[in-house]
Amino acid sequence: MVIIHSVFRRELRLAPDMVRAVPDGDTTRSGVVAEHLTDLLDLLHHHHEGEDQLLWPKLRERAAEFTDLFDSMDADHGSIGSSIDAVQSALRDWAGTADRAHGDRLADALDALLPPLVDHLDREEERILPLVDELLTPQEWGELGARGFGLLPPQKAMIVLGQMAEDTPEENWDVFFSHLPEPVQQAYTTIGAPAYLDYVGTVRG
């Protein structure tokens, strides 16, 4: 979870400036950035949806004394979801036109999304992960990640792995990577990692 959270923090921190840097009317460039942001927001949505389905019910059942904490995390998902909707609305208006005014609205919506999201992710790591360690089995925890990757087409899954690897300390990445199925490890090493370098070069210009 910490690794995927780092992806959301980094990419959404970079996103407003990426949007603002697109020249007015440059629909080729806005299309590239828009696809990147669409995939990122979809990933964030699926991440929260997976927690809603597979994490919170188990924790509520096994740690009823933390109901207020779980209620606040649920409320975060609702408010963050509304912020994501605002970003996606602005993104649709901007993607096909690269209109400067629409781009400013999109960048502002991205700016507004980041602080509450980072606060939520921080509290999740500080308050929820210790409960996960105590109350969930490794198999139950693994179901959450498997669900997330299972929703991604193979090519996009390779990009997400590249995003996860980018800022992760090598020793932590090695531990995570060792738990991936061997075919996935081979695909990422031979295809995914080089593809991610090309992807970053295109998206970040």
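The values are calculated or read from the model by the stated rules, or taken from the named source; none is laboratory data. Values in this document were obtained by computation on a predicted structure and should not be read as measured data. No Cβ is skipped: glycine too gets one built from the backbone with ideal geometry, and neighbour counts run over all protein chains shown. Each accessible area value is taken on the protein alone, full model and side chains, heavy atoms only, with ligands, DNA and RNA left out. Shrake-Rupley method; radii C 1.70, N 1.55, O 1.52, S 1.80 Å.
Residues that are at pLDDT below 95, surrounded by 14 or more Cβ atoms within 10 Å (Cβ to Cβ) and assigned to a helix (DSSP H, G or I): does the stretch 108-126 have at least one? Looking for residues that are at pLDDT below 95, surrounded by 14 or more Cβ atoms within 10 Å (Cβ to Cβ) and assigned to a helix (DSSP H, G or I), one finds none in the stretch 108-126, hence no. A single member of TRP94, TRP56, TRP141 is aromatic (Phe, Trp, Tyr) and touching a Gly at 6+ places or on another chain (Cβ under 7 Å), and it is TRP94. Scanning the stretch 70-98 for residues that are buried (at least 17 other Cβ atoms within 10 Å of the Cβ) and farther than 19 Å from LEU44 by Cα returns TRP94, ALA95, ALA98.
When LEU37, LEU117, LEU59 are checked against the criterion of being within 18 Å of VAL7 (Cβ to Cβ), in contact (Cβ under 8 Å) with a residue 40 or more places away in the chain and touching a Phe, Trp or Tyr at 6+ places or on another chain (Cβ under 9 Å), LEU117 stands alone in meeting it. As a summary of the residue check, GLU134 satisfies the conditions (1) more than 27 Å from LEU161 (Cβ to Cβ); (2) open to solvent by less than 60 Å² (accessible area, probe 1.4 Å); (3) in a helix (DSSP H, G or I) except for the one numbered (2).
Counting only helices (runs of 4 or more DSSP H) that fall entirely inside the stretch 1-65 and contain at least 1 residues that are within 25 Å of ASP167 (Cα to Cα), open to solvent by 10 Å² or more (accessible area, probe 1.4 Å) and touching a His at 6+ places or on another chain (Cβ under 7 Å), the qualifying elements are 2-20, 27-50.
Could you please find all residues in the stretch 152-176 being among the hydrophobic types (A, V, I, L, M, F, W, C) and either over 18 Å from the mean Cα position of the chain (by Cα) or exposed (fewer than 15 other Cβ atoms within 10 Å of the Cβ) (or both)?
Scanning the stretch 152-176 gives a single hit, VAL175.
Is at least one residue of the stretch 179-188 surrounded by 18 or more Cβ atoms within 10 Å (Cβ to Cβ) and under 17 Å from the mean Cα position of the chain (by Cα)? No, the stretch 179-188 contains no residue that is surrounded by 18 or more Cβ atoms within 10 Å (Cβ to Cβ) and under 17 Å from the mean Cα position of the chain (by Cα). Among the residues making up the stretch 46-92, those that are of a type in the set (S, T, N, Q) and under 20 Å from PRO130 (Cβ atoms) are THR67, SER72.
Please state which one of ASP74, ASP104, ASP111, ASP68 is acidic (Asp, Glu) and touching a Pro at 6+ places or on another chain (Cβ under 7 Å).
None of the other options fit; the residue is ASP111.
Listed by first and then second residue, the pairs with beta-carbon distance under 6 Å, at least 6 apart or on different chains, first residue in the stretch 84-106 and of a type in the set (A, V, I, L, M, F, W, C), second surrounded by fewer than 17 Cβ atoms within 10 Å (Cβ to Cβ), are ALA98/GLY25; ALA98/ASP26; ALA98/THR27. Within the stretch 123-152, residues that are of a type in the set (Lys, Arg) have Cβ atoms under 7 Å from residues that are in a helix (DSSP H, G or I) and modelled with pLDDT of 90 or more in these pairs: ARG127/LEU69; ARG147/GLY50; ARG147/LEU54, counting only partners at least 6 apart in sequence or on another chain.
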